[in-house]
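Please treat every number below as a calculation from the coordinates, not as lab data. Owing to the predicted nature of the structure, the values given are computational and were not obtained by experimental measurement. Reconstructed Cβ throughout: ideal geometry from the backbone, glycine too, with neighbour counts over all protein chains shown.
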Amino acid sequence: MGEVYIVGAGPGDPDLITVKALKAIQKADVILYDRLVNKQLLKVSKPSSLRIFCGEFPQSHTMKQDRINQLMVKYASNGKMVVRLKGGDPFVFGRGGEEASYLTKHDILFHIIPGVTAGIAAPAYAGIPVTHREFGNSFAIVTGHQISGKKDVKWTHIATAVDTIIIYMGMKQLPVICDELMKNGRSGETMAAIIENGTTINQKVVTAPLCHLVEEVKKHSIANPAIIVIGDVVTCRETLDQKTAAVF
Ligand code: SAH
């Protein structure tokens, strides 16, 4: 019997992968990888390994997920060491939990290797600490992509419950999100930032008060993948922006 490693590849900069994740990729017979995974990471895999890009699977999420689940079970049942490689952390909006449940149901042994999540790493590269004793002692990680009928994001509470709000997959809904937050008590003067392609050489950052964020994003044509950060911690960027990336 083989086994499956559900692995976080980190947020974009390939050096942000963990040592354990790298070892798993080196040992893998089969790698099922997602669109947001930095392809450079695959270079360390065995030449004989089978690398399957899951980004080209059917558009329908359910069909895509079914196909991935079936492939994991198929290869593990054939005695292969399977790595399911995902951007960031597999349990942060990565469907890692669903995949682990599926493997449990099919009696396949699995392991989770956490990764550096984009919502913390992208702001860090942009000079924004998600907590700071002066500017914010709490943060929430929220999805901006809501599936109606499922667990909807409770903007009414989130607007004022935490100091820093970090939103994944929020670009499409940005105007609605900004409106909801302000309607529910978050000041329009609160500073906000959007980081596109965080931690990569293509990283782009815009900052603006919450009430002007939508216009600013349009002006700079910021697109996905992007992280939205709202809170006073964003002001730290003025002094903590690193100008150049650390390269080893
Ligand atoms: N599991 C991933 C998140 C997957 S959901 C993690 O832990 O990071 C996909 C969303 O993550 C994107 O829509 C975007 O909001 C965010 N994201 C992923 N990589 C990113 C990057 N390099 N820069 C900015 N946002 C990113």
Expected output is a single nm value to one decimal: the length gained when fully extending between Arg51 and His111, i.e. 0.36 nm times separation in residues minus the C-alpha distance. What is it? 19.7 nm
Exposure proxy ranking, count of Cβ atoms within 10 Å, fewest first, for Met72, Met1: Met1, Met72
Running a GNM on the chain with Cα contacts under 10 Å, which residue among Pro58, Pro114, Pro90 ends up with the highest mean-square fluctuation? Pro58
Neighbouring Cβ atoms within 10 Å as the yardstick, rank Ser221, Ser187 fewest first. Ser221, Ser187
Under 23 Å Cα-Cα from Lys80, which lysines qualify once same-chain neighbours fewer than 8 residues away are excluded? Lys20, Lys23, Lys27, Lys39, Lys43, Lys46, Lys64, Lys105
Using a cut-off of 13 Å between beta-carbons, work out the net charge of the residues near Pro114 (Lys and Arg +1, Asp and Glu -1, Pro114 not included). +1
Let me know the number of lysine pairs in segment 118-240 closer than 16 Å at the Cα, not counting same-chain pairs under 8 apart. 5
Where a ≥ b ≥ c are the square roots of the eigenvalues of the C-alpha gyration tensor, would you call segment 141-199 rounded, which needs a/c under 1.5, or, failing that, prolate if a/b is larger than b/c, or oblate? oblate
Calculate one ³J(HN,Hα) per residue across segment 186-201 by plugging θ = phi - 60° into the Karplus curve 6.51 cos²θ - 1.76 cosθ + 1.60, and present them in order as whole Hz with x for glycine and proline. 7, 5, x, 7, 4, 6, 9, 9, 10, 10, 9, 6, x, 6, 9, 5
Considering only Lys183, Lys172, Lys105, give the residue with the highest GNM mean-square fluctuation for the chain, with springs between Cα atoms whenever their separation is below 10 Å. Lys105
Mean separation of Cα contacts under 8 Å, 6 or more apart, over the residue count of the chain: relative contact order %: 20 percent
For segment 27-83, averaging the sequence separation of alpha carbon pairs under 8 Å that lie six or more residues apart and dividing by its residue count, the contact order in percent is 49 percent
In whole Hz, the Karplus estimates of ³J(HN,Hα) for segment 35-43 (6.51, -1.76, 1.60; θ = phi - 60°; x where Gly or Pro) are 4, 7, 7, 5, 5, 4, 5, 6, 4
Fewest to most neighbouring Cβ within 10 Å: what's the order for Thr207, Thr18? Thr18, Thr207
Classify segment 109-171: rounded, prolate or oblate, from the alpha-carbon gyration tensor (a ≥ b ≥ c, eigenvalue square roots; a/c under 1.5 rounded; otherwise prolate if a/b is larger than b/c)? oblate
Checked segment 118-240 against the a/c 1.5 cut and the a/b vs b/c comparison, axes a ≥ b ≥ c from its Cα gyration tensor; verdict rounded
Counting only residues 5 or more places away or on other chains, whose amide H sits under 5 Å from the amide H of Tyr5 once H atoms are built in the peptide plane? Val82, Val83, Arg84, His111
What share of all Cα pairs of the chain, in percent, falls into each consecutive 10 Å distance bin? 7, 30, 31, 21, 9, 1
